[in-house]
Every structure is written in structure tokens, then in C-alpha cells.
Amino acid sequence: EKRLQLAGRSASGYGQESPKHGAQDASMVLHRQSLPTTRVPLLFALSMARPAVRRQRLVSAAMAAPAREGYASPFLSGKGNDDFVVRNDRNDVRVLQCPTPPVLRQGIAETAGLPHICVAGESNAGKSSLINHLLKKKLAKASSVAGKTRSVDLMLVNERLVLADLPGLPSRDHQVERLWRSTWEPLVASYVRECEPLRAMLYAHDIRWKVTPLVRSFLQDVQASGLPVVLVLTKDDRIADEADDRPSEARRRLKLTQAVRRSLDFRGLHFHYSTESSLPSSRRGRRQLLSLIEDLIGEPGGREECRRLLEARAAKKQGRAEQD
């Protein structure tokens with residue numbers, strides 16, 4: 001029987017104090033035990049069938065069934081319910097991570113009776129922080145390291161909405177470009193193409209960043225598929241940090257906004273957003289975006305009706321801007 005060795009101990013001095021690391025806590029001392037000597041061949045062990053693990057469904061079978069034609073569910077529309085789809089606190093959120101197409105198809109099937117809104121954006125553009133700020137929960141993996149979101153994460157919010165966190169596009173440092181091309185882009189394309197209850201995409205873009213060709217191509221493909229896009233210009237509070245006064249802040253915000261819209265050839269609806277909750281503009285931006293989500297999922301039709309709604313809102317906002 002072989003003697004168990006710890007790092008920093010010799011075979012002959014097992015249990016003695018290590019001269020390099022000093023005395024060890026008593027709770028960390030391992031005692032030698034008689035272990036069974038039966039060995040299982042590696043190839044045989046690998047060939048053994050693993051027991052099937054059944055996970056709990058994300059939603060009940062009744063909710064997963066698509067709504068009957070002509071039936072307006074008060075549960076989905078919110079009629080007769082004074083509560084909002086996303087509350088200011090105590091949001092009940094369950095997450096199903098879908099890293100592969102089969103799991104994604106199963107997740108879509110289980111949530112087919114609920115409206116979907118997806119959130120996309122470049123790595124480190126504030127996509128995960130946006131989701132966490134909207135839900136008032138730390139669910140999405142916000143990090144300065146690119147590629148933290150490696151699956152399509154379906155978030156069931158209060159049993160009324162599915163908010164989908166998509167893998168981030170490669171940023172300008174190209175850290176995860178190979179993973180995006182080989183795995184994540186096909187997964188995102190599959191979700192956009194196959195998820196019938198998907199109403200719109202919120203695309204998070206750092207307002208200070210220039211638009212890359214990859215982002216431009218991605219959004220063109222998404223819009224060509226018939227999915228309407230709402231542009232969310234994140235980290236808006238950083239403009240105030242870089243400006244000397246209010247007039248220069250407003251001029252810089254307008255200049256950056258026009259540059260992003262022009263580069264994307266984007267004529268739709270955009271929002272300025274900050275996750276700094278101490279700022280009035282941050283709280284106002286959250287209310288406006290949640291109100292838009294309520295309107296999108298309240299539409300009786302699908303993507304086409306949502307597209308018309310967003311076009312009307314964008315035209316109204318553009319008219320007010322021209323008057324100002």
C-alpha cells in the first residue's frame with residue numbers, strides 16, 4: 001500500500017511539519033486509511049452508461065403549450081393584474097442555460113407559450129450589466145473578461161416573460177472571435193430563426209465605441225431575418241465624466257449618437273442607458289425600457305406588429321428631436 005503524500009512533505013516524514021509552509025492546521029491533517037485495491041479498467045469505466053439526469057422543466061407543460069388562436073390570455077397580457085411584468089424588487093427569475101442546439105430547441109419548446117425578448121451586444125459593452133439592472137438581480141455574468149456568457153441563457157421572469165441573454169460578439173481585441181465564428185454565432189442564428197415567440201432584440205452598444213464591421217454585419221442579418229432591433233446606448237454616464245459642463249456633455253452625446261446610428265445605418269428606436277442607479281437618468285432609462293418591453297410583449301401579433309410599433313415610436317421621437 002502506497003503512503004499518501006501532501007505537498008511539502010516527504011514520504012518518510014508524513015505528518016511532520018513542512019519547513020517551507022510552517023505548521024498545518026489540525027483540520028487539514030490527513031490520516032492514512034486502508035483503501036480497497038479493486039481497480040476498474042479505464043476503457044470499461046468510460047464505456048459504462050451514465051444514469052440519466054432529469055432536470056425540472058423551466059415552465060409547466062400547460063404554460064409551454066402555445067396559446068389558442070383568438071385567445072388573449074390575461075396571464076400573458078397582464079390584464080386584470082396590477083403588477084408589472086418586471087418589478088422593482090422580488091423578481092422571480094429562473095435560468096435555463098442552452099449551450100447546444102438540442103438544448104436550445106428544448107428550451108424554446110418549453111417556453112413557446114411566453115413572449116421572448118433577447119439581449120445582444122459586444123463583449124464588455126454592458127450587456128450583462130443591463131440585464132442585471134433591469135431585473136434588479138445579479139444573474140447575467142458581468143465581467144471585464146470577454147466571453148463570460150457562453151450559451152443562450154433563457155431567463156423566465158415572473159412566469160410572464162423570457163429574457164434571453166445571448167453570447168457576446170467579439171470586441172475589438174478579438175479575444176473570442178474563433179469561438180464566436182465556430183459555436184456562438186450559429187447558436188444565436190438558430191435562436192433568432194427558430195424562436196417564434198421572439199418579439200425583438202435589445203442590442204447593447206457602448207456609446208463611446210466605434211462600430212466594427214462585424215457588428216454592422218450582425219445587425220443587418222438580424223434585421224433582414226425580420227426581427228426588430230432596439231439600440232441601447234450603454235454607459236451613458238461616462239459622457240458626463242469626460243465633459244467639462246452640461247452643454248459640452250449634450251453636444252458630445254449627440255455627436256456620438258449620430259456617429260453610431262450613421263455607421264449602423266440605423267433608423268430605428270434608440271435609448272440612452274446607464275446602470276448607475278444613483279443617477280435620475282438611470283432610473284428614468286430603466287422605466288422607459290421596461291415600459292417598451294411591456295408594450296412589445298402586449299402586442300397580440302408577432303414580430304411584424306412589434307416592428308410597426310417601434311417604427312412609429314422612432315418617427316415620433318425623431319419629430320420631437322427636430323422640433324427641439
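No value in this document is a laboratory result; all are computed from the given coordinates. Nothing here was measured: the structure is a model prediction, and the numbers come from that model. Please note: Cβ atoms are built from the backbone with ideal geometry, for glycine as well, and neighbour counts cover all protein chains shown.
The packing ranking, built from the mean of other Cβ atoms within 10 Å per residue, places the peptides 104-114, 121-131, 312-322 in the order 121-131, 104-114, 312-322, highest first.
Once divided by 2.2 N^0.38 Å, the Cα radius of gyration of region 275-324 becomes 1.38.
Region 225-301 gives an Rg/Rh value of 1.03, both radii derived from C-alpha positions and Rh following Kirkwood.
Relative to its Kirkwood radius, the Cα radius of gyration of region 163-297 gives an Rg/Rh of 0.98. In percent, rounded to a whole number, the relative contact order of region 265-324 is 38, using alpha-carbon pairs under 8 Å and six or more apart. Based on the reciprocal of the average 1/r between different C-alpha atoms, the Kirkwood radius for region 125-215 equals 14.1 Å. For residue 322 and residue 210, a Förster radius of 22 Å and the Cβ-Cβ distance give a FRET efficiency of 0.25, rounded to the nearest 0.05. Extending 7 Å from Cα along the Cβ direction at residue 95 and again at residue 287 yields two label points whose distance is 2.9 nm.
Region 251-276 and region 292-320 have their alpha-carbon centroids 18 Å apart.
May I ask you to order 233-243, 197-207 by the average number of other C-beta atoms within 10 Å around their residues, highest value first?
Top of the packing list down: 197-207, 233-243.
Distance check, please: which entries in 138/255; 127/316; 127/255; 138/316 exceed 29 angstrom between their Cα atoms? Too far apart for the 29 Å limit: 138/255; 138/316.
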